[in-house]
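The values are calculated or read from the model by the stated rules, or taken from the named source; none is laboratory data. Just so you know, these numbers come straight off a predicted model, no measurement behind them. Backbone-built Cβ (ideal geometry, glycine too); neighbour counts: all protein chains shown.
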Amino acid sequence: MPPGRTAANDGDVGSAAIALLGPTASGKSRFAMQLAADFELEIVSVDSAQVYRGLDVGTAKPSPGDRQRVAHHLIDIRDPAQPYSAAQFAGDAEQAVLAIRSRARLPLLVGGTMLYARALRDGLSQLPSADPGLRDRLAQQARFEGWPAMHARLAVVDQQTAARLPPGDSQRIQRALEVFELTGSPMSHLLRHRPARRLRMHTIALLPSDRGELHRRIQERFDQMLEAGFVDEVRGLRSRGDLHANLPSMRSVGYRQAWLHLEQASSLPSLRAAAIAASRQLAKRQITWLRSWPETHVVDPFDAHALAQLRALIETLRRAPAPETGEGNP
């Protein structure tokens with residue numbers, strides 16, 4: 001073991017993993033790589049877009065050099081044409097964590113897909129699998145009626161779910177209507193019956209104190225993506241011919257806006273504005289999740305001493321028993 005580095009405690013299954021979660025552009029990956037200089041750790045990605053091969057520039061995927069220096073898991077494990085669910089992530093991540101601990105290393109879960117993190121920590125309710133035929137039918141109805149009308153329909157059968165979804169959230173409205181038609185029960189009712197947690201873990205939340213600085217970094221990062229060829233990346237994905245805008249991979253923030261930009265031949269400034277606005281909204285939702293997350297250790301990523309705080313936290317948490325329970329989030 002290199003000097004100055006510490007390994008995970010052998011056989012300490014009680015503190016199975018540490019999760020480093022935060023909004024987009026908060027520096028999660030950078031901090032994780034810096035922490036790898038002090039701890040014998042392996043990184044498990046908690047990112048619903050980085051699982052897809054070919055989605056590189058727009059997901060800020062770790063560089064080949066970083067992945068060679070520190071083992072990363074659950075990156076490039078699916079083709080963009082293949083769906084990947086929170087339930088699949090929970091199973092794959094659990095196996096990755098167990099394998100990492102068997103090597104006496106520390107599993108560090110890093111990302112911002114909060115649904116994935118919650119699925120791993122708390123488990124998921126037994127919702128039905130997607131029904132492609134039903135989804136197509138709902139999508140066709142939405143094209144004629146509009147998603148606000150579909151949202152109104154959802155409010156009739158599942159008022160609780162409709163109340164927490166904006167009328168334009170097509171993906172989640174479609175899923176809630178699909179669940180109701182497949183089961184005859186509101187999704188909000190099914191979600192209350194959640195199985196036991198899958199994995200015990202500590203959570204460190206990177207919560208910026210300066211929202212304006214976060215917005216600046218979101219803008220700066222998207223500009224870097226544009227310079228790195230993001231539009232060409234999406235153009236290449238479109239040229240495959242087997243992908244479409246309703247796939248989970250292509251609904252990812254940034255990719256959704258770039259796909260529409262190429263489809264409508266809109267201006268580059270309009271793409272930039274739409275993608276940055278969507279990224280800000282994503283960051284807002286991520287922060288809301290994390291603020292409601294129980295037993296969370298908060299670090300301001302823009303604090304000058306953030307890295308030192310993270311080092312001290314991980315040094316403490318890797319020896320501490322993980323929380324016994326974890327209850328719901330938004």
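Return yes when ASP232 is free of Cβ contacts under 8 Å to residues at least 24 places away in the same chain and not basic (Lys, Arg) and no when it is not.
Answer is yes for this residue.
Given the structure, is SER279 closer than 29 Å to SER170 by Cβ, within 20 Å of the chain's Cα centre (by Cα), in the same structural domain as TYR52 (by TED's automatic domain parsing) and not hydrophobic (A, V, I, L, M, F, W, C)?
yes
Among the residues that make up segment 246-254, is at least one of them assigned to a helix (DSSP H, G or I), under 23 Å from GLY22 (Cβ atoms) and touching a helix residue (DSSP H, G or I) at 6+ places or on another chain (Cβ under 9 Å)?
yes
Identify the single condition in (1) under 23 Å from the mean Cα position of the chain (by Cα); (2) in contact (Cβ under 8 Å) with a residue 12 or more places away in the chain; (3) not in a helix (DSSP H, G or I) that ALA104 does not satisfy, given that it satisfies every other one.
(1)
Sort out which residues of segment 263-301 are surrounded by fewer than 16 Cβ atoms within 10 Å (Cβ to Cβ) and in contact with an Asp or Glu (Cβ under 8 Å, 6 or more places away or on another chain), and write them in order of number.
Listed by number, the list holds a single entry, PRO294.
Could you tell me whether ARG121 is among the charged types (D, E, K, R) and modelled with pLDDT of 95 or more?
no
Please verify whether segment 146-156 includes one or more residues that are surrounded by 14 or more Cβ atoms within 10 Å (Cβ to Cβ) and among the β-branched types (Val, Ile, Thr).
no
Give the residues of segment 286-313 that are under 23 Å from GLU220 (Cα atoms) and touching a residue at least 12 places away in the same chain (Cβ under 8 Å), sorted by residue number.
Selection gives GLN286, ILE287, THR288, VAL299, ASP300, PRO301, PHE302, ASP303, ALA306, LEU307.
Which number in (1) under 20 Å from the mean Cα position of the chain (by Cα); (2) of a type outside the set (S, T, N, Q); (3) within 28 Å of LEU106 (Cβ to Cβ); (4) at pLDDT below 95 marks the one condition that PRO248 misses?
Evaluating PRO248 over (1) under 20 Å from the mean Cα position of the chain (by Cα); (2) of a type outside the set (S, T, N, Q); (3) within 28 Å of LEU106 (Cβ to Cβ); (4) at pLDDT below 95 leaves (3) as the failure.
Among the listed residues ALA176, ALA139, ALA152, ALA163, identify the single one that is closer than 26 Å to GLY22 by Cα and in a helix (DSSP H, G or I).
It is ALA163.
Which residue is surrounded by the fewest Cβ atoms within 10 Å (Cβ to Cβ), if the candidates are limited to segment 39-93 and must be of a type in the set (A, V, I, L, M, F, W, C), part of a strand (DSSP E or B) and touching a Ser or Thr at 6+ places or on another chain (Cβ under 6 Å)?
PHE39
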